[in-house]
Amino acid sequence: MSDTVREKREAIINAALKLFTERGFDNTPTALISQEAGVATGTLFRYYPTKEDLINSTYVIAKNRFAAAMAEGLEDEETLEGKMRRIWGNTIRWGLKSPRELLFLEQFMSSPYISKITEEEVMKRFVFLSDLIEEGVGEGKLRDIHRGLIFEMMFSANRAVIKKILTYRLQDQTEMLIDGSFELVWSGLSR
């Protein structure tokens with residue numbers, strides 16, 4: 001893929017992220033996305049033949065970026081607690097650096113526009129977290145509760161910390177809030 005194609009696709013995805021989070025899917029015409037991205041509407045349709053293709057592609061890209069950010073440096077951790085702490089901090093830092101992508105994922109994770117195939121494909125990027133939780137439960141280090149509940153508890157709490165930092169402009173306290181919130185969640189999940 002040439003640099004020009006890559007740049008145009010990136011511009012389209014960034015415009016879609018911005019407009020979908022501001023206006024929603026239904027209130028965001030492709031012509032407006034093209035205008036925001038600085039490309040012709042025909043160019044948008046060359047890369048994304050339908051609006052649904054664009055929505056699904058935007059979702060895949062945002063989720064892949066999220067998964068990559070979560071797993072960053074994970075191989076440097078030796079213990080389950082260290083790995084979970086790393087994922088926790090990475091998730092919050094990513095949300096603070098990428099609030100638009102976080103909002104997009106929050107708004108549209110359960111959207112009927114996101115195809116089941118797309119969701120299944122994207123979830124493969126999060127196998128490392130599922131495996132880590134299974135390992136922790138198997139070793140008796142994590143409570144044996146519904147795995148979906150563990151995920152929801154972690155990500156709901158992550159989002160709460162991110163929103164607290166952004167809403168009250170507590171960026172200078174980010175690391176303290178990451179550590180304190182992790183301790184709270186870890187005490188509830190660990191045995």
_Largest-first ellipsoid semi-axes for the range 21-84, taking √(5λ) over the Cα gyration tensor eigenvalues, angstrom_ = 36, 12, 10
*Enumerate the helices in the chain for which the Kyte-Doolittle hydropathy averages -0.5 or more and the C-alpha atoms extend at least 20 Å along the helix's axis, using complete DSSP H runs.*
51-71, 147-167, 174-189
*Could you state the per residue volume, in Å³, of the convex hull enclosing the Cα atoms of the range 1-49?*
62
*Any idea what the dipole of the chain comes to, in debye rounded to 20, about its Cα centre with Lys/Arg Cβ at +1 and Asp/Glu Cβ at -1?*
580
*Size of the dipole of the range 1-49 about the Cα centre, Lys and Arg at +1 and Asp and Glu at -1 on the beta carbon, nothing else charged, in debye to 20?*
100
*Give the dimensionless ratio obtained when the Cα radius of gyration of the chain is divided by 2.2 N^0.38 Å.*
1.14
*Relative compactness, the range 86-132, computed as alpha-carbon Rg over 2.2 N^0.38 Å*: 1.29
*Grab the DSSP H runs of the chain that are 4 residues or longer, score each as -39,500 (n - 2.57), total them, divide by all residues and round the 222 nm result to the nearest 500 deg cm²/dmol.*
-24000 deg cm²/dmol
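Here, each number is a calculation from the coordinates, and none is a lab measurement. Being a predicted model, the structure only gives us computed values, none of them experimental. For neighbour counting, all protein chains shown are included, and Cβ atoms are generated from backbone atoms with ideal geometry for every residue, glycine included.
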